[in-house]
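**Student:** Pasting a structure here, questions to come.
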Amino acid sequence: MTSRNKRIKEMPIDRLSALPDCLIIHILSFLEVKQSAITTMLSKRWQFLWTQSPRLIFSERWIPDADIQNFVSRVNRTLVIYGRNDLDTFEVKFPYGESNSPDVNVWVGFAIKNKAKQVSLSLNPDNVYYRLPQTMFQSAYLKMLKLWGCVVAPWGTIEWPSLTELHIKEAELQQHVIEKMLTGCPVLRCLVLKYCWGFSRLEVSSKCLYELRVSDPEEDEVLLEPFLQISAPYLHTLWVSLYPSCRKLSLENASSLVRATIDFVGIGWDDAEMMSHAKEILEKIRHVKVVDLRFGYIEVLFSGANTDYRFPQSARTCLSVEASTVECSIHVLIGLLESSPNLEALVIEGYTTVGDPRTCIDPKTDLDCDLLHLKSIVIKDFTGPNVVCEQMLMLAKILLNKAPTLEKMVFFHNKSFTSSSQPAVNESSFKIAQALLSYPRSSKAVILLK
């Protein structure tokens with residue numbers, strides 16, 4: 001073999017460059033623009049490949065004020081040399097300032113002109129919000145839209161005939177804007193309104209809307225309407241987080257609802273009116289199969305649900321509960337279990353609280369019925385170094401005795417503990433295992449500690 005042939009044989013194969021342009025462009029599309037543009041240094045062939053990417057992602061969430069103009073200039077230069085006329089994704093994330101409004105207007109116009117299917121504007125609002133131009137509200141190609149730090153106030157109609165997913169965060173949405181959205185998005189499947197305010201009704205007659213997520217701002221200084229009325233007869237999944245001291249949820253029509261997550265935010269939960277509100281919501285979701293009750297909502301039930309209160313009977317088969325790791329909320333958990341005769345899966349997740357624990361007067365410590373369908377129990381974050389949560393062990397004892405078809409019970413340690421705490425965690429696990437093995441069982445359930 002000649003030396004020349006030997007050198008050729010020993011040269012490493014450049015498999016990436018051997019790929020056709022279309023595959024290289026597809027690979028580059030998974031990178032942000034700042035990363036993909038670096039490939040211009042590889043060779044002449046790579047010089048403009050990155051400009052053919054169907055995805056343009058510009059992301060600088062944390063950036064010094066002095067560098068913001070450099071970021072804006074970089075985006076503008078990229079749009080000038082961009083080589084396609086159809087976009088799959090256009091995403092911008094940076095600390096927006098009022099002086100950037102003309103540039104962002106150009107970017108939005110570029111995305112709409114190039115038939116972008118997914119647009120995301122995350123502008124990190126700090127008292128200055130970007131006002132969306134009317135061109136943003138009319139696109140036949142848009143399928144997903146995410147807005148953060150934007151003023152959503154169209155002066156004309158909203159026409160998003162292909163939009164299936166809409167996320168809006170931290171925005172005032174007046175009632176007429178909400179109505180324009182619901183009218184102008186005939187195939188909308190997922191609507192997320194996070195920390196938004198200004199509206200009081202969500203009336204959805206569309207059969208397409210599958211998931212609705214609504215959460216109030218946690219700041220009490222934000223002016224909220226006193227009621228949030230939701231009517232969505234074809235809705236499958238509902239996630240609601242309310243500021244209960246400011247407004248109430250009125251769930252008027254959700255007959256098709258299968259999954260529901262309910263939470264309360266804010267402070268001052270020791271209130272009879274809030275308790276009445278929490279009970280009313282339980283009544284409205286009694287037909288829902290999969291229910292997730294978060295910490296704030298459970299706190300209200302704990303504050304006002306004494307042992308004489310009977311929870312409404314429900315059809316739920318899966319129940320997730322977020323409960324305090326220090327307060328005695330076992331009577332609330334037992335009440336929920338007694339009202340769930342068809343329950344098949346139970347998840348209880350610990351929530352760490354501060355301050356002195358409250359106690360329940362005459363707490364109930366047993367179930368009045370067997371849970372004949374319960375097969376799976378998961379208990380999370382109630383154990384750790386030198387910690388054995390007595391209320392969870394008490395509940396485990398009750399469930400082992402009252403669930404004749406139970407197949408497994410799993411205890412998860414708190415994930416926040418470091419490896420240096422492992423010896424203490426092991427000791428805690430040993431104590432829990434001893435207790436669980438000593439309890440009588442009505443089934444041959446497997447008990448796991450993880």
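The values are calculated or read from the model by the stated rules, or taken from the named source; none is laboratory data. All values derive from a computational prediction rather than experimental measurement. Note: ideal-geometry Cβ built from the backbone for every residue, glycine included; neighbour counts use all protein chains shown. Quick note on the areas: whole protein, heavy atoms, side chains included, nothing else; ligands and nucleic acids left out. Shrake-Rupley method; radii C 1.70, N 1.55, O 1.52, S 1.80 Å.
**Student:** By accessible area of protein heavy atoms, probe 1.4 Å, what ranking do Glu170, Glu390 get, highest first?
**Tutor:** Values: Glu170 50, Glu390 125 Å².
Result of the area sort, largest leading: Glu390, Glu170.
**Student:** Using amide H atoms built in the peptide plane, which far-off residues or other-chain residues are under 5 Å from Lys248 H to H?
**Tutor:** Those lying under 5 Å, H to H, from Lys248 are Phe227, Leu228.
**Student:** How would Arg286, Arg247 line up by accessible area, probe 1.4 Å, largest first?
**Tutor:** Values: Arg286 95, Arg247 5 Å².
Descending order: Arg286, Arg247.
**Student:** Further question: Between Glu252 and Thr352, what is the label-to-label distance in nm when each label sits 7 Å out along the Cα-to-Cβ direction?
**Tutor:** Simple spin-label model gives 4.4 nm for this pair.
**Student:** A further question follows. Say R0 is 60 Å: what FRET efficiency, to the nearest 0.05, do Asp366 and Trp155 get from their beta-carbon distance?
**Tutor:** On the way: r = 62 Å, r/R0 = 1.04.
In this case the efficiency is close to 0.45.
**Student:** Here's another thing I want to ask about it. Report, by chain and number, residues whose modeled amide H sits under 5 Å from the one on Cys196, excluding near sequence neighbours (fewer than 5 apart, same chain).
**Tutor:** Glu170, Ala171, Ser215
**Student:** Normalise the Cα radius of gyration of the stretch 196-299 by 2.2 N^0.38 Å (N = residues in it) and let me know the number.
**Tutor:** Numbers: Rg = 13.0 Å, N = 104, 2.2 N^0.38 = 12.8 Å.
The value comes to 1.01.
**Student:** Hey, what does the equivalent ellipsoid look like for the stretch 125-221, semi-axes from the Cα gyration tensor as sqrt of 5 times each eigenvalue, largest first, whole Å? Please list the in-between numbers first.
**Tutor:** Working: eigenvalues 83, 52, 28 Å².
Square roots of five times the eigenvalues give 20, 16, 12 Å.
**Student:** Compare Tyr82, Tyr195, Tyr130, Tyr234 by solvent-accessible area with a 1.4 Å probe and give them largest first, with all protein chains kept in place. Working shown, then result.
**Tutor:** Details: Tyr82 25, Tyr195 70, Tyr130 0, Tyr234 105 Å².
Accessible-area ranking of Tyr82, Tyr195, Tyr130, Tyr234, largest first: Tyr234, Tyr195, Tyr82, Tyr130.
**Student:** Stretched out fully, how many nm does the piece from Val446 to Ala345 gain, at 0.36 nm a residue minus the Cα gap? Mind dumping the intermediate values first?
**Tutor:** Numbers: separation 101, 0.36 × 101 = 36.36 nm, distance 1.45 nm.
Answer, rounded to one decimal: 34.9 nm.
**Student:** When the label point is put 7 Å from the Cα of Ser245 along its Cα-to-beta-carbon vector, which residues of the stretch 208-232 have a backbone N closer than 20 Å?
**Tutor:** Flagged as within label range: 215-228.
**Student:** Related question: Describe numerically, in nm with one decimal, the distance between label points set 7 Å from Cα along Cα→Cβ at Ser429 and at Ser73.
**Tutor:** That separation, rounded to one decimal, is 5.7 nm.
**Student:** Evaluate the charge dipole of the stretch 206-304 about its Cα centre and quote only its size in Debye, nearest 20, assuming +1 on the Cβ of each Lys and Arg and -1 on the Cβ of each Asp and Glu. Could you put the intermediate results ahead of the total?
**Tutor:** Working: 10 positive and 16 negative charges, 151 e Å.
Around 720 debye, computed over the stretch 206-304.
**Student:** Between Ser276 and Asn127, what is the label-to-label distance in nm when each label sits 7 Å out along the Cα-to-Cβ direction?
**Tutor:** The modelled label-to-label distance comes out at 4.1 nm.
**Student:** Once the Cα gyration tensor of the stretch 108-158 is found, what semi-axes does its equivalent ellipsoid get, as square roots of 5 times the eigenvalues, in whole Å, sorted largest first? Kindly include the intermediate steps, with their values, before the conclusion.
**Tutor:** Numbers: eigenvalues 71, 34, 14 Å².
Values for the stretch 108-158, descending: 19, 13, 9 Å.
**Student:** Here is a further query. Accessible surface of Phe412 in the full protein assembly, 1.4 angstrom probe, to the nearest 10 Å²?
**Tutor:** 60 Å²
**Student:** Got a sec to turn the phi values of the stretch 407-413 into Karplus ³J(HN,Hα) couplings, 6.51 cos²θ - 1.76 cosθ + 1.60 with θ = phi - 60°, whole Hz, x for Gly and Pro?
**Tutor:** Each residue of the stretch 407-413 in turn: 9, 7, 10, 10, 9, 9, 6 Hz.
**Student:** Amide H neighbours of Ala445 under 5 Å, at least 5 residues apart or on other chains, H built in the peptide plane: list them.
**Tutor:** It is none; the list stays empty.
**Student:** For the stretch 66-193, would you read off the P(r) tail past 26 Å as a percentage of all alpha carbon pairs? Before the final figure, lay out each step's value.
**Tutor:** Values: 1447 of 8128 pairs.
Beyond 26 Å sits 18 percent of the P(r) for the stretch 66-193.
**Student:** Karplus couplings for the stretch 93-109 from phi (6.51 cos²θ - 1.76 cosθ + 1.60, θ = phi - 60°), rounded to Hz, Gly and Pro as x?
**Tutor:** Listing the rounded values in order: 9, 6, x, 6, x, 4, 5, 8, 4, x, 5, 5, 4, 5, 5, 4, x Hz.
**Student:** Kirkwood hydrodynamic radius, the stretch 171-222, all distinct C-alpha pairs: what's the number in Å?
**Tutor:** Working: mean 1/r = 0.0854 Å⁻¹.
In the stretch 171-222 this quantity evaluates to 11.7 Å.
**Student:** For Arg294, what accessible area in Å² do you get when you roll a 1.4 Å probe over the heavy atoms of the protein chains, rounding to the nearest 10?
**Tutor:** Here the accessible area works out near 50 Å².
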